[in-house]
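A short worksheet on the structure shown next.
The values are calculated or read from the model by the stated rules, or taken from the named source; none is laboratory data. Note that this is a predicted model, so its numbers are computed, not measured. Every residue, glycine among them, receives a Cβ derived from its backbone with ideal geometry; neighbour counts consider all protein chains shown. Quick note on the areas: whole protein, heavy atoms, side chains included, nothing else; ligands and nucleic acids left out. Shrake-Rupley method; radii C 1.70, N 1.55, O 1.52, S 1.80 Å.
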Amino acid sequence: MTALYTLTDLSKRYTRGKESITIFEQLDMTIDQGDFISIMGPSGSGKTTLLNLLGGIDRPSSGAVDCEGTRVDKLSEGKLAKWRSQHVGFIFQFYNLMPTLSAAQNVELPLLLTNLSGKERKRRVETALDIVGILDRKGHRPAQLSGGQQQRVGIARAIVADPKVLLCDEPTGDLDRNTADEVLETLQLLNRELNKTIVMVTHDPAAAGYASKELHLDKGRFVAKENT
Amino acid sequence: MRQTLAVISLNLRSIPRRLGMSTATVGAVALVVAVLLGFQAIGNGFRATAERSGAEDIAIMLREGSQAELNSGLSRDQARLIEVADGVARDETDSGIISAELYVIVDGVLRGAQTEANLGLRGMEANGPAMRQGFSLVEGRMFSPGAAELIVGEGVRREFLGFELGQEIRLGTNDWTVVGIFSTGGTVFDSEVWSDLGVLQNLYQRGSSVQSVRARLTSPDGLERLQAYVENEPRLNLDVQTEAEFFAGQSSGTAGVISSLGWPLSIVMAIGALAGAWNTLYSSVDARAREIATLRAIGFSGLSAFTGTMAEAVMLSAIGGAAGTAIAVLFFNGLSFQGLGDSFTQVVFDLSVTWDSIETGIALAIMVGVLGGLFPAIRAARMPILAVHRSS
Ligand SMILES: Nc1ncnc2c1ncn2[C@@H]1O[C@H](COP(=O)(O)OP(=O)(O)O)[C@@H](O)[C@H]1O
Ligand SMILES: [Mg+2]
């Protein structure tokens, strides 16, 4: 196994007024290529903050976030934006789709940052929608789709630019059991067939069961336990 | 750039979600532009009408630099030099068709308010009346040379007390008899009272001096010939212009004042519209905080968020500008308007919305959009990416 992410000596503090809250203190972590990691833990334990640091939408107070030799924490804003567009796909609990755009237009958004031709973008959008099983709804607006369908569009958007890693923050937190299972199977498929590295935060032990590694975050420390 | 276009399109598509506020912003901008164009239309109409009411074949001569009749002064001898000038038309007896004139201001009493108001009393020579376009005597007769007799413009009879045909009237320290009523078909002269030049010079102790000389021109190039004659005659230092030019010059000050009256009002209203645009765009940015942050997380630039918000602001204000222009053109253009002011009391003119003022109005509208959108757009550009986690 080759390491995709190496987090070293990572600390994250928030200062609110005179108060300072420490989320992580000298945390070390490795994420291997092809991992499907679930992260569980009590509310406020820093799960989302960890995903933010991995995805380059937040910066650590100190320590290093290394992704394949790139010091993500050291990139300038512009370089970081470009890095995000090429390396990570975000999947959100509330999908974060643009309400005025169709499913296909939502999925196309990351490709607008590339030099791909319109024809090539269309091909990739349809491939992504097909992989998540929602190609037949490509012209629908988010409001015309169920929660599970919207999350599939969200996943298609996350994979369309072919990033190595998918960062999912409670992707099934807003879905019923059956729909959640379908979405989780899709994620598992992306991990197994397309070799996407997935880091998924969840409250749901059943969801965590789809992952190949389960981590528990508590008071800024990990407790690892391998799935068998 | 594709991402910028995409964000602009997202902003514009989001406008219907704030239909009320967006419509109010458009309406406020429309009002600003309509008011501005309305005032300018009055000014433009005033100017155009004044230009129309002067003749091209009548020259007016005033002392050089005097601009208005009241500031001018010429001697009888100078007037006689013009009578034989090149470019001036001749009558059957081969004398130049001119009228030397004296213009004084007297007090009259307005019918309605029973208050005193200024009234122009003009002494003129025999050729004077016929040199006014559309002149006709509607009642009575002409004043006789040497007699203290008046002919009265229709407007004066209508607005002032005591100018009925046959009446005696005291103006200043002198008694006059009204012997005729004349009309010039609604030009400025309908607001004047006319008498014989010699009588007026006598009663007002002006000796033989006059203020202006009017001359009928021989032909379209008569003006140039007359101007050349005056130029080469050392005893004459006069400004020579056609009556049309003279009226245009007289009205441009007033027209400018009317046109510019619209500005302070428009600017005050524009500030209101700007506050509205500002408010609307701030709510746009706040309502779309999670969307903006999501785009940033995907890799879109802060600049694209800025541009998208500016585009939304400018779109709203441009629609407002277009609506305001449409209102102005539909409701003001060609509308008849009763002119105000001392000598223009009777002047009725048509409003005219010009391309120049439309350009100014649209520019003002877009400026409201740019200024109103600026700070919300900066807020959009600075939206923290962590807003992706907000629950809606
Ligand atoms: N922007 C912020 N400013 C201050 N405190 C924050 C901020 N974001 C998160 N926190 C705090 O950091 C802690 C961890 O938050 P988070 O990572 O969202 O936890 P989780 O996702 O595990 O529930 C919480 O106590 C939260 O209040
Ligand atoms: Mg969280």
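Of the candidates B:Gly262, B:Gly276, B:Gly253, the single residue that is touching a helix residue (DSSP H, G or I) at 6+ places or on another chain (Cβ under 6 Å), open to solvent by 10 Å² or more (accessible area, probe 1.4 Å) and not acidic (Asp, Glu) is B:Gly276.
What's the total number of residues in the stretch A:189-201 that are touching a strand residue (DSSP E or B) at 6+ places or on another chain (Cβ under 7 Å) and either surrounded by fewer than 17 Cβ atoms within 10 Å (Cβ to Cβ) or of a type in the set (Val, Ile, Thr) (or both)? Looking only at that region, the number is 4. Here are A:Leu112, A:Leu51, A:Leu75, A:Leu116: which of them is closer than 21 Å to A:Gln150 by Cβ and open to solvent by 20 Å² or more (accessible area, probe 1.4 Å)? Exactly one of A:Leu112, A:Leu51, A:Leu75, A:Leu116 is closer than 21 Å to A:Gln150 by Cβ and open to solvent by 20 Å² or more (accessible area, probe 1.4 Å), namely A:Leu112. The single condition from (1) in a loop (DSSP other than H, G, I, E, B); (2) at the interface with another protein chain (Cβ under 10 Å from one of its Cβ atoms); (3) within 30 Å of A:Glu182 (Cα to Cα) that A:Asn115 fails is (3).
I'd like to know if the stretch A:173-188 contains one or more residues that are on the phi > 0 side of the Ramachandran plot and open to solvent by less than 30 Å² (accessible area, probe 1.4 Å). Checking the stretch A:173-188: not a single residue is on the phi > 0 side of the Ramachandran plot and open to solvent by less than 30 Å² (accessible area, probe 1.4 Å). Hey, any hits in the stretch A:11-32 for a residue that's in contact with a helix residue (DSSP H, G or I) (Cβ under 7 Å, 6 or more places away or on another chain), open to solvent by less than 60 Å² (accessible area, probe 1.4 Å) and more than 16 Å from ligand 1 (Cβ to nearest atom)? No, the stretch A:11-32 contains no residue that is in contact with a helix residue (DSSP H, G or I) (Cβ under 7 Å, 6 or more places away or on another chain), open to solvent by less than 60 Å² (accessible area, probe 1.4 Å) and more than 16 Å from ligand 1 (Cβ to nearest atom). Each residue in the stretch B:275-299 was checked for being under 22 Å from A:Asn52 (Cα atoms), within 14 Å of another protein chain (Cβ to nearest Cβ) and in a helix (DSSP H, G or I), and 10 of them qualify. Remark: pairs (first residue in the stretch A:183-206, closer than 11 Å to A:Ser38 by Cβ; second residue basic (Lys, Arg) and surrounded by 14 or more Cβ atoms within 10 Å (Cβ to Cβ); Cβ separation under 8 Å; 6+ apart in sequence or on different chains) = A:Val201/A:Lys47. When you look at B:Val285, is it of a type outside the set (Phe, Trp, Tyr) and farther than 30 Å from A:Met98 by Cβ, yes or no? In short, no. Can you find a residue that is in a strand (DSSP E or B), away from ligand 1 (no atom under 13 Å from the Cβ) and either open to solvent by 40 Å² or more (accessible area, probe 1.4 Å) or without any contact (Cβ under 8 Å) to a residue 60 or more places away in the chain (or both) anywhere in the stretch A:34-45? Looking through the stretch A:34-45, none of the residues is in a strand (DSSP E or B), away from ligand 1 (no atom under 13 Å from the Cβ) and either open to solvent by 40 Å² or more (accessible area, probe 1.4 Å) or without any contact (Cβ under 8 Å) to a residue 60 or more places away in the chain (or both). Per the listing B:Gly339, B:Gly334, B:Gly302, B:Gly361, the residue uniquely modelled with pLDDT under 95 and closer than 30 Å to A:Thr100 by Cβ is B:Gly302. If you go through the stretch B:249-262 and keep only what is among the hydrophobic types (A, V, I, L, M, F, W, C) and within 11 Å of B:Phe46 (Cβ to Cβ), you end up with B:Ala255, B:Val257, B:Ile258. State whether one or more residues within the stretch A:78-88 are more than 16 Å from ligand 2 (Cβ to nearest atom), free of Cβ contacts under 8 Å to residues at least 40 places away in the same chain, in a helix (DSSP H, G or I) and over 21 Å from A:Lys196 (Cα atoms). Yes, the stretch A:78-88 has at least one match. Output yes when any residue across the stretch B:82-103 is in the same structural domain as B:Glu125 (by TED's automatic domain parsing), assigned to a helix (DSSP H, G or I) and closer than 30 Å to B:Ser251 by Cβ, and no when none is. Yes, the stretch B:82-103 has at least one match.
Among (1) of a type outside the set (Asp, Glu); (2) on the phi > 0 side of the Ramachandran plot; (3) open to solvent by less than 20 Å² (accessible area, probe 1.4 Å), which single condition is B:Thr184 missing? Condition (2) is where B:Thr184 drops out. Just checking, does the stretch B:367-375 include any residue being within 14 Å of another protein chain (Cβ to nearest Cβ), in a helix (DSSP H, G or I) and modelled with pLDDT of 90 or more? Checking the stretch B:367-375: not a single residue is within 14 Å of another protein chain (Cβ to nearest Cβ), in a helix (DSSP H, G or I) and modelled with pLDDT of 90 or more.
Taking each residue of the stretch B:12-24 that is more than 13 Å from B:Asn279 (Cβ to Cβ) and not assigned by TED's automatic domain parsing to the domain that holds B:Gly272 and looking for partners that are open to solvent by less than 60 Å² (accessible area, probe 1.4 Å) and modelled with pLDDT of 90 or more with beta-carbon atoms closer than 7 Å, six or more apart or interchain, yields nothing. Looking only at residues of the stretch A:25-61 that are among the small types (Gly, Ala, Ser) and under 17 Å from A:Gly209 (Cα atoms), we find that the one that is farthest from ligand 2 (Cβ to nearest atom) is A:Gly34. A:Leu101 meets the conditions (1) under 18 Å from the mean Cα position of the chain (by Cα); (2) at the interface with another protein chain (Cβ under 9 Å from one of its Cβ atoms); (3) touching a residue at least 24 places away in the same chain (Cβ under 8 Å) in every case but one. The failed one is (1). Scanning the stretch B:34-80 for residues that are open to solvent by 50 Å² or more (accessible area, probe 1.4 Å), among the hydrophobic types (A, V, I, L, M, F, W, C) and not assigned by TED's automatic domain parsing to the domain that holds B:Arg214 turns up just one, B:Phe39. Between A:Leu50, A:Leu75, which is away from every other protein chain (no Cβ under 11 Å) and either modelled with pLDDT under 95 or within 16 Å of ligand 1 (Cβ to nearest atom) (or both)? Step by step, each of A:Leu50, A:Leu75 is checked, and only A:Leu50 is away from every other protein chain (no Cβ under 11 Å) and either modelled with pLDDT under 95 or within 16 Å of ligand 1 (Cβ to nearest atom) (or both).
Can you find even one residue in the stretch B:3-21 that is surrounded by fewer than 23 Cβ atoms within 10 Å (Cβ to Cβ) and away from chain A (no Cβ under 14 Å)? There is at least one residue in the stretch B:3-21 that is surrounded by fewer than 23 Cβ atoms within 10 Å (Cβ to Cβ) and away from chain A (no Cβ under 14 Å).
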